[in-house]
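Colleague: Just passing along the structure, written as structure tokens.
The values are calculated or read from the model by the stated rules, or taken from the named source; none is laboratory data. Here the structure is a predicted model, which is why all the values come from computation and not from measurement. With ideal geometry, Cβ positions are generated from the backbone for all residues, glycine too; neighbour counts draw on all protein chains shown.
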Amino acid sequence: MDQNQRQELDRETDFDVIIVGAGFAGLYMLHRLRGLGLNARVYEAGENVGGTWYWNRYPGARCDAESLAYSFSFSPELEQEWEWSERYATQPEILRYAEHVADRFDLRRDIRFERTVTAARFDEATRLWTVETEQGDRARARICIMATGCLSVPQRPDIPGLDDFQGNLYQASLWPHEGVDFTGQRVGVIGTGSSAIQAIPVIAVQAGQLTVFQRTPNFSVPAVNSKLDPEWVAQFKAHYREHRDNHRHGLGQGFGDLEIEPHPPAPAAETGAELTDAELEQALEEYWAKGGARFMGAVTDSLSNEETNRLFADFVRKKIRATVKDPEVAEALCPSDHPIGTKRICVDTGYYETYNRDNVSLVNLRKTPIERVTANGIQTSDAHYELDTLVLATGFDAMTGALLRMDIRGVGGMALAEKWAAGPRSYLGIGIAGFPNLFTITGPGSPSVLSNMLVSIEQHVDWMIDCIRYMEDEGLALVEPEPDAEDAWVDHVNEVANGTLFPKGGSWYLGANVAGKPRVFMPYAAGVGAYREVCDRVAENGYEGFRFSA
Ligand code: NA7
């Protein structure tokens with residue numbers, strides 16, 4: 001860092017609000033705060049906006065929610081003018097969109113890039129938050145907003161010998177900006193979650209030989225991606241307000257409707273038992289053909305009734321067996337250890353078909369575990385696989401990872417890491433008792449990763465802006481949840497989760513992928529509509545469950 005750059009650092013500078021993160025949540029929050037006339041500073045670790053879409057540049061990376069739903073609704077001009085090219089946008093297109101939003105609303109001037117926030121501490125005497133960055137910034141603000149994302153801390157697996165590997169080593173979520181040419185290479189991929197399932201078919205086309213090292217198979221449904229037809233889009237956009245209403249209030253998690261005429265998605269039945277085998281088969285075929293994660297919405301109780309869930313899982317296993325020609329490979333790809341959908345369902349383009357290629361092979365780590373990574377490959381219990389390139393698609397320390405790697409301290413110097421030692425505790429996923437004027441956008445305890453993130457981000461930001469405006473109007477300095485309200489909300493989140501099959505998934509929703517992480521189901525599973533009603537009611541009742549001080 002040269003001297004000019006050093007002078008740009010914020011030292012003891014005061015703002016009304018500091019926002020951590022310039023992904024979609026941070027961008028929209030900054031825009032709305034400006035509307036309130038507040039002075040905000042954003043710190044962002046990347047060198048550009050986009051958050052998860054800035055970092056995750058692996059081949060085939062794209063959104064698993066539809067573009068026309070996974071986009072901002074706050075500006076009618078933006079939503080009408082921006083043109084998505086595919087049903088599911090690619091990472092480069094979503095990043096261009098984030099950049100466009102930043103430029104269109106002139107947001108960059110309040111963002112400091114390449115600043116990694118390491119600490120945020122509340123001082124009771126001054127009633128200010130002090131935020132510090134790894135690069136030496138130190139700034140104060142009345143309000144601190146965490147827009148740090150749910151999947152922003154990559155998990156590097158603890159495999160012996162990983163550092164000895166002499167070939168090219170890449171992590172899906174920290175992909176080189178210049179891209180990677182796999183031509184003629186022997187490539188290994190560790191992991192078969194959403195990232196790997198998107199990357200594998202693309203790498204397979206280029207690589208000389210691709211070996212997939214699979215520990216746990218996942219359920220994947222076809223995306224049925226396509227270029228968007230401009231006429232179809234024009235008609236869809238003519239009804240954009242009603243579509244947005246469906247996304248916000250409809251059943252489910254805000255992924256919305258697909259038809260030109262807006263109507264909330266209607267499942268074929270409340271429960272699988274209402275349907276004959278043939279009717280269920282037909283409903284599942286229809287949803288399979290439509291494509292995407294909405295497959296689970298074919299019957300209302302697919303994620304709460306074990307028998308319905310089993311019928312869904314059987315259907316997908318049948319599809320896998322019908323697609324993959326080698327019966328042994330097909331069996332290895334059939335998930336059997338978790339109810340379908342309780343680990344995030346993957347959405348793919350040609351994933352299972354890829355295993356029919358001559359240059360692709362699958363290593364079932366359940367049968368032959370990895371012993372170590374060597375200088376030139378992977379040694380399993382029965383063979384050595386020589387590799388030029390190794391790709392780690394091993395996931396994230398989800399939802400709490402980004403918050404807990406900062407030193408966040410509230411009243412009395414209480415560390416968030418200490419408060420959350422047994423799992424995250426938050427009121428509505430918005431605020432944390434003992435941490436006044438700290439807001440978490442899509443925090444644990446809100447629908448977050450179960451939902452369409454753009455729907456949830458806008459809802460959280462709008463709610464927080466109303467709350468901040470209320471404080472400004474009423475001359476209130478501090479807001480924080482009542483401990484009782486927080487306890488009751490945590491109980492409620494658990495109760496809702498326990499009414500579903502999610503806790504049986506052993507997923508990153510539960511923290512099960514990170515050694516030593518408490519196993520708590522973190523997102524709120526009742527759906528974005530129900531959650532929005534709760535948040536609105538809390539606000540209407542004078543921010544019930546929050547305490548303010550003048
Ligand atoms: P995921 O869904 O957490 O997948 C990670 C994968 O990596 C999963 O298949 C893991 O197998 C595997 N993994 C992790 N550690 C190891 C080791 N040590 N050995 C072998 N295999 C391992 O992460 P993704 O990035 O794919 O997706 C995350 C979300 O990002 C996704 O849902 C979208 O919302 C975007 P395991 O299941 O633990 O046996």
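Colleague: When you check V205 against the structure, is it within 16 Å of the ligand (Cβ to nearest atom) and at pLDDT 95 or above, yes or no?
Modeller: Judged against the criteria, V205 is not a match.
Colleague: Here are the criteria: (1) without any contact (Cβ under 8 Å) to a residue 24 or more places away in the chain; (2) within 16 Å of the ligand (Cβ to nearest atom). Tell me which single one R109 does not satisfy.
Modeller: For R109, the exception is condition (2).
Colleague: Scan (1) in contact with a Lys or Arg (Cβ under 8 Å, 6 or more places away or on another chain); (2) on the phi > 0 side of the Ramachandran plot for the single condition S507 breaks and write down its number.
Modeller: (2)
Colleague: Another question about this same structure. Under the condition of being within 15 Å of the ligand (Cβ to nearest atom) and part of a strand (DSSP E or B), which residue from segment 363-376 is surrounded by the most Cβ atoms within 10 Å (Cβ to Cβ)?
Modeller: Looking at residues that are within 15 Å of the ligand (Cβ to nearest atom) and part of a strand (DSSP E or B), I get V373.
Colleague: Ok, one more. Among the residues of segment 51-75, which ones are closer than 16 Å to Q459 by Cα and not hydrophobic (A, V, I, L, M, F, W, C)?
Modeller: Start the filter on segment 51-75 by keeping residues that are closer than 16 Å to Q459 by Cα, which leaves 69-75.
Correct list: Y70, S71, S73, S75.
Colleague: Got a sec? Which of A393, A422 is within 15 Å of the ligand (Cβ to nearest atom), closer than 21 Å to K517 by Cα and in contact (Cβ under 8 Å) with a residue 40 or more places away in the chain?
Modeller: Numbers: A422 fails: within 15 Å of the ligand (Cβ to nearest atom).
Going through A393, A422 in turn, just one is within 15 Å of the ligand (Cβ to nearest atom), closer than 21 Å to K517 by Cα and in contact (Cβ under 8 Å) with a residue 40 or more places away in the chain: A393.
Colleague: Output the strands (runs of 3 or more DSSP E) that fall wholly within segment 117-202 and possess 2 or more residues being closer than 30 Å to P222 by Cα and modelled with pLDDT of 95 or more, or say none.
Modeller: Fully inside segment 117-202 and qualifying: 168-171, 186-190.
Colleague: So the check is Cβ under 6 Å with 6+ separation or different chains; which pairs have a first residue in segment 168-184 that's touching a residue at least 40 places away in the same chain (Cβ under 8 Å) and a second one that's more than 16 Å from the ligand (Cβ to nearest atom)?
Modeller: N168/T389; F182/Q206; F182/A207
Colleague: Here's something else I'd like to know. Which of the residues that make up segment 125-154 are within 16 Å of the ligand (Cβ to nearest atom) and either touching a Leu at 6+ places or on another chain (Cβ under 8 Å) or over 30 Å from N437 (Cα atoms) (or both)?
Modeller: Within segment 125-154, T148, P154 meet the criteria.
Colleague: On the given criteria, is V324 closer than 22 Å to L251 by Cβ and touching a residue at least 24 places away in the same chain (Cβ under 8 Å)?
Modeller: When the stated conditions are applied, V324 does not pass them.
Colleague: Could you say which residue among V153, V205, V224, V233 is surrounded by fewer than 21 Cβ atoms within 10 Å (Cβ to Cβ) and without any contact (Cβ under 8 Å) to a residue 24 or more places away in the chain?
Modeller: Exactly one residue qualifies, and that residue is V205.
Colleague: Further question: Can you work out which of the residues in segment 63-83 that are part of a loop (DSSP other than H, G, I, E, B) and out of contact with any helix residue (DSSP H, G or I) (no Cβ under 7 Å at 6 or more places or on another chain) is surrounded by the fewest Cβ atoms within 10 Å (Cβ to Cβ)?
Modeller: E83
Colleague: Can you pull out every residue in segment 486-513 that is out of contact with any strand residue (DSSP E or B) (no Cβ under 9 Å at 6 or more places or on another chain) and under 14 Å from G395 (Cβ atoms)?
Modeller: G505, G506, S507, Y509, L510, G511, A512
Colleague: Can I ask one more? Tell me which residues, restricted to segment 433-464, are more than 13 Å from the ligand (Cβ to nearest atom) and β-branched (V, I, T).
Modeller: Residues satisfying the conditions are T440, I441, V455, I457, V461.
Colleague: Take the residues of segment 171-202 that are surrounded by fewer than 23 Cβ atoms within 10 Å (Cβ to Cβ) and touching a Leu at 6+ places or on another chain (Cβ under 6 Å): which is nearest to D397 (Cα to Cα)?
Modeller: Taking the candidates together, the pick is Q171.
Colleague: Scan L258, L280 and give me the residue that is in contact (Cβ under 8 Å) with a residue 24 or more places away in the chain, in a loop (DSSP other than H, G, I, E, B) and more than 16 Å from the ligand (Cβ to nearest atom).
Modeller: Details: L280 fails: in a loop (DSSP other than H, G, I, E, B).
One residue alone meets the criteria, L258.
Colleague: Every residue in segment 494-550 that is more than 16 Å from the ligand (Cβ to nearest atom), loosely packed, with under 14 Cβ neighbours inside 10 Å and among the small types (G, A, S), please.
Modeller: G499, G542, S549, A550 - these are the residues of segment 494-550 that are more than 16 Å from the ligand (Cβ to nearest atom), loosely packed, with under 14 Cβ neighbours inside 10 Å and among the small types (G, A, S).
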